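Worksheet: one structure, shown below.
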Amino acid sequence: MIKVTKAPELDDVTRAALASGRAEPALGFFLDVLMEMRGISESDGAAIAGAALEAEAPASMKPDALAMAFAAIDRGAARAPAARPLTYPELATLPAALRDAIEAAEAHRGWSYAGPGIKRLDLGVSGAAKAEIIRLEAGTAVPWHTHKGQELTLCIHGEFSDGHDTYGPGDFSAFEGSVRHQPRAHDTGTAYALAVTDAGLRFEGVLGALQKLFKQ
Amino acid sequence: MVAERQDRAAYSELFAYYAPRVKSYLMRLGADSALAEEIAQDVMVTVWRKAALFDRNQASVSTWIFRVARNRRIDVFRRAKRPDLDPEETMLLPSGVEAPDARIEAMETEARVRAAMKDLPEEQVSLLRLAFYEGLSHSEIAGKLDLPLGTVKSRIRLAFSKMKGRLEDD
């Protein structure tokens with residue numbers, strides 16, 4: 001188990017995997033949110049890709065491509081439901097990308113019951129790894145659990161402890177599946193975590209690098 | 001009404017510049033012309049819808065659109081067997097706001113990365129492009145360029161650290 005409070009310093013392989021999208025999407029999302037909550041800019045890898053896109057030789061689009069885009073935009077505007085407030089207003093101040101993912105997930109799936117005082121929201125990220133928001137009411141604990149793969153848990157609101165350490169917004173833990181842990185929200189209020197599990201498949205490269213880097 | 005017309009005019013210019021480049025990017029990664037065109041369309045529609053999430057202080061338009069395209073590509077390629085992909089469900093959008101320090105830093109990085117890429121030898125720029133833009137692993141790059149794996153690793157590390165070195169110079 002590692003609890004992390006320091007900014008990541010990623011190597012070139014990890015940066016390339018994140019910038020190009022080679023990394024598992026849920027993991028890339030987790031890192032984006034983490035960096036943003038810490039106010040860390042991890043922009044040089046992305047800037048290389050942005051500059052490469054600019055330098056790309058343009059491929060010709062169909063003559064009516066722009067008209068079709070405007071038609072899709074108008075169709076979308078016509079059937080888009082009025083902006084709905086988030087189910088839990090305390091999440092409105094989260095980083096924009098995370099808030100947007102929560103909004104989309106609420107519109108498509110909604111929160112599900114996961115035990116007394118516990119709710120979860122699957123963010124529907126593509127790929128093998130799963131990303132979800134766990135909501136723990138004050139004083140509630142997730143049952144002690146282990147899982148098949150590795151699990152990354154980022155505190156996004158409130159505070160919780162997991163039997164190993166205490167986490168506030170921007171702190172995260174990385175567990176091997178075999179390690180028993182039990183996040184419990186503090187009595188002071190509801191806590192929310194972004195949890196990413198790799199289902200025992202493949203976080204190897206990026207997560208391995210992260211763990212190496214974060215061991216202080 | 002006027003504001004709306006102006007938005008559409010600005011968007012048309014953006015579309016003319018980026019849609020063909022996004023299409024090239026997707027074809028480079030193996031999409032055929034029809035699929036690349038379709039995804040490029042989707043990406044540009046998302047750019048309109050999510051324009052509010054774009055922060056020009058945080059990244060250049062190119063970097064932001066690249067990230068939208070990259071995420072869309074991941075979604076579509078991975079869900080290739082699900083033709084009914086809902087365009088509203090674009091996940092993994094690039095981040096929006098950052099702390100003020102990080103914003104300035106990000107803009108400086110954008111400018112300096114571009115300058116550094118002009119100074120680096122073409123061979124090194126192309127290695128960075130393969131790794132950071134096309135998402136090839138070191139061993140895939142070694143295969144493509146017919147170079148030993150160790151050579152690819154050390155050249156990419158060198159190119160990246162030259163760029164970082166320049167970033168940290170001033």
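Quick notes on this structure:
- Candidate set: the stretch B:16-53, residues that are more than 9 Å from chain A (Cβ to nearest Cβ) and not in a helix (DSSP H, G or I); chosen: the one farthest from B:N71 (Cα to Cα): B:D32
- Qualifying residue in the stretch A:165-183 (condition: in contact with a helix residue (DSSP H, G or I) (Cβ under 7 Å, 6 or more places away or on another chain), surrounded by 19 or more Cβ atoms within 10 Å (Cβ to Cβ), at pLDDT 90 or above and closer than 25 Å to A:G28 by Cβ): no
- Meets criteria (at pLDDT 70 or above, farther than 26 Å from B:Y11 by Cα, surrounded by 15 or more Cβ atoms within 10 Å (Cβ to Cβ) and facing another protein chain (nearest Cβ under 7 Å)) for B:F66: no
- Here B:A59 meets the list (1) surrounded by 22 or more Cβ atoms within 10 Å (Cβ to Cβ); (2) out of contact with any helix residue (DSSP H, G or I) (no Cβ under 9 Å at 6 or more places or on another chain) almost entirely, failing just condition (2).
Here is a yes/no grid of residues against (1) crowded, with 21+ Cβ neighbours inside 10 Å; (2) among the charged types (D, E, K, R); (3) at pLDDT 90 or above:
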{"position": "A:A96", "(1), (2), (3)": "no, no, no"}
{"position": "A:A101", "(1), (2), (3)": "yes, no, no"}
{"position": "A:A104", "(1), (2), (3)": "no, no, no"}
{"position": "A:L121", "(1), (2), (3)": "yes, no, yes"}
{"position": "A:G127", "(1), (2), (3)": "yes, no, no"}
{"position": "A:A138", "(1), (2), (3)": "no, no, yes"}
{"position": "A:Q150", "(1), (2), (3)": "yes, no, no"}
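- Residue within the stretch A:196-209 that is touching a Leu at 6+ places or on another chain (Cβ under 8 Å) and at pLDDT 85 or above present: yes
- Residues within the stretch A:106-119 that are under 17 Å from A:V196 (Cα atoms) and at pLDDT below 90, tallied: 1
- Odd one out for A:I48 among (1) more than 20 Å from B:R72 (Cβ to Cβ); (2) at the interface with chain B (Cβ under 7 Å from one of its Cβ atoms); (3) among the β-branched types (V, I, T): (1)
- Here A:A16 does not qualify as assigned to a helix (DSSP H, G or I), under 20 Å from B:V76 (Cα atoms), at pLDDT 80 or above and of a type in the set (G, A, S).
- Looking only at the stretch B:100-136, and only at residues there that are under 24 Å from A:A26 (Cβ atoms) and within 7 Å of another protein chain (Cβ to nearest Cβ), the one that is modelled with the lowest pLDDT: B:A102
- Any hit, the stretch B:2-19, residues being aromatic (F, W, Y), buried (at least 19 other Cβ atoms within 10 Å of the Cβ) and modelled with pLDDT of 90 or more: yes
- The condition of being in contact with a helix residue (DSSP H, G or I) (Cβ under 7 Å, 6 or more places away or on another chain), of a type in the set (A, V, I, L, M) and crowded, with 20+ Cβ neighbours inside 10 Å does not hold for A:L86.
The values are calculated or read from the model by the stated rules, or taken from the named source; none is laboratory data. None of the values given here were measured: they were computed from a predicted structure. Here Cβ is always computed from backbone atoms with ideal geometry, including for glycine, and neighbour counts include all displayed protein chains.
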